[in-house]
1. Tell me whether segment 51-72 contains one or more residues that are part of a helix (DSSP H, G or I) and under 30 Å from Gly159 (Cα atoms).
2. Within segment 42-54, can one find any residue that is at positive phi and surrounded by 12 or more Cβ atoms within 10 Å (Cβ to Cβ)?
3. So which residues in segment 114-127 are open to solvent by 40 Å² or more (accessible area, probe 1.4 Å), in contact (Cβ under 8 Å) with a residue 12 or more places away in the chain and within 13 Å of the ligand (Cβ to nearest atom), if there are any at all?
4. Hey, could you check segment 85-106 for residues that are over 15 Å from Met1 (Cα atoms) and assigned to a strand (DSSP E or B) and say which is farthest from the ligand (Cβ to nearest atom)?
5. Could you say which residue among Ser130, Ser170, Ser102 is hydroxyl-bearing (Ser, Thr, Tyr) and without any contact (Cβ under 8 Å) to a residue 60 or more places away in the chain?
6. Which numbered condition trips up Arg182, out of (1) within 30 Å of Asn37 (Cα to Cα); (2) part of a loop (DSSP other than H, G, I, E, B); (3) open to solvent by 30 Å² or more (accessible area, probe 1.4 Å)?
7. Check off (1) within 16 Å of the ligand (Cβ to nearest atom); (2) farther than 19 Å from Val121 by Cβ for Val31 and give me the number that stays unchecked.
8. I'm trying to understand the selection: among the residues of segment 73-84, which are more than 12 Å from the ligand (Cβ to nearest atom), assigned to a strand (DSSP E or B) and among the hydrophobic types (A, V, I, L, M, F, W, C)?
Amino acid sequence: MRIDVLTVLPGLFDCFLKEGVIGKAISSGKVEVKVHNIRDFTTDKHRVVDDVPYGGGPGMVLKPEPIFRAYDELTKEGEKPYVLLTEPWGEKFNQEMAVELSKKPRLMIICGRYEGVDERVKSLVDREVSIGDYVLTGGELPAMVIMDAVLRLIPGVLGNLESLRADSFSDRGLLGYPNYTRPAEFRGMKVPEVLLSGHHKKIESWRKEQSLRKTLERRPEIIENLKRKGLLTKEELE
Ligand SMILES: Nc1cc(-c2ccc3ccn(Cc4ccc(CN5CCCC5)cc4)c3c2)n[nH]1
C-alpha cells in the first residue's frame, strides 16, 4: 500500500514513521508512506497556505490552490488514491473502516489545520473521517491514528500473523481479553489457572468468553450490532 499525506506540519509525522511496527513496515518496504508539505505547492514568495474566511469569523482557512496543486502533482502517474479528509465531524472511524481502507492499494490523507480546509477541497475527497467527538488542533493526529489502525492490518506488517488472527475479535469490534505475563503471582494477584494449564482449547474459549463478557458489560450495542449482522456464532451467543 502507498499512502500520501498532505499537511502544513510534516514534522509531526517524523517519529510516527520511524518507530515501532509502522517504522519497520516502512523501512522494510512493506508499505510506502510519503508526507508532503502543502507549503511546497505554493507559488508565491511567502509560500502562503491560508487566508481569512469569507463572511468573517475567527481564525484562518487553508487555501484550495496549494492542496489542488499537490493533488494534481501526486496523481499524475499511478493508481488514483482513495482520498480521506480528517474532520471533527466526519464519519466516525472504527475497525470496520480500518479493514475496508486496508484493502485499498493507495490512500491520500489531507490534514487540515487552523479552522479547516476550503470547502472546495472536499471535491477531491472520498471520505471525511473523524476519530472522535472532540476537536483537535488539526488533522495530523487523526491521520496517524488512521494510518496506524490501517497499516497494522496489511499482511506481513505485524509479522506474527497469530496476533492478527487474535484480532478476529477486535476486527468484529469486540473488546479484548485480559493479558498476563510472568510472574504467575504479583503482589497477591494471581494469573488465572486456565492460562497456566497449557490447554489451548480451554484457553481460547476462556478468552472468547472474557471478550464477550467485557463487551456485553461495557459496550452492549456492539453485541447487538453483531447479532443483527449475524456475525456472532450460536455458541458465542450462549
Ligand atoms: N476527530 C477530530 C478531527 C479533528 C480535526 C481534524 C482536522 C482539523 C483541521 C482543523 N482542525 C481544528 C478545528 C478548529 C476549529 C473548528 C471549528 N470551526 C468552527 C467554524 C469552522 C471550523 C474545527 C476544526 C481540525 C480538527 N478534531 N477531532
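1. no
2. The answer is yes, given that some residue of segment 42-54 is at positive phi and surrounded by 12 or more Cβ atoms within 10 Å (Cβ to Cβ).
3. The answer is Tyr114, Glu115, Lys122.
4. Of everything passing the filter in segment 85-106, Glu91 is farthest from the ligand (Cβ to nearest atom).
5. Details: Ser170 fails: without any contact (Cβ under 8 Å) to a residue 60 or more places away in the chain; Ser102 fails: without any contact (Cβ under 8 Å) to a residue 60 or more places away in the chain.
Testing whether each residue is hydroxyl-bearing (Ser, Thr, Tyr) and without any contact (Cβ under 8 Å) to a residue 60 or more places away in the chain leaves just Ser130.
6. Against the list (1) within 30 Å of Asn37 (Cα to Cα); (2) part of a loop (DSSP other than H, G, I, E, B); (3) open to solvent by 30 Å² or more (accessible area, probe 1.4 Å), Arg182 comes up short only on (1).
7. If we test Val31 against (1) within 16 Å of the ligand (Cβ to nearest atom); (2) farther than 19 Å from Val121 by Cβ, just (1) comes out false.
8. Val83, the sole residue that qualifies.
The values are calculated or read from the model by the stated rules, or taken from the named source; none is laboratory data. If you're wondering where the values come from, they're calculated on a predicted model, not measured in any experiment. Note that we place each Cβ from the backbone using ideal geometry, even for glycine, and neighbour counts take in every protein chain shown. Heads up: the accessible areas ignore ligands, DNA and RNA and are worked out on the full protein's heavy atoms, side chains in. Shrake-Rupley method; radii C 1.70, N 1.55, O 1.52, S 1.80 Å.
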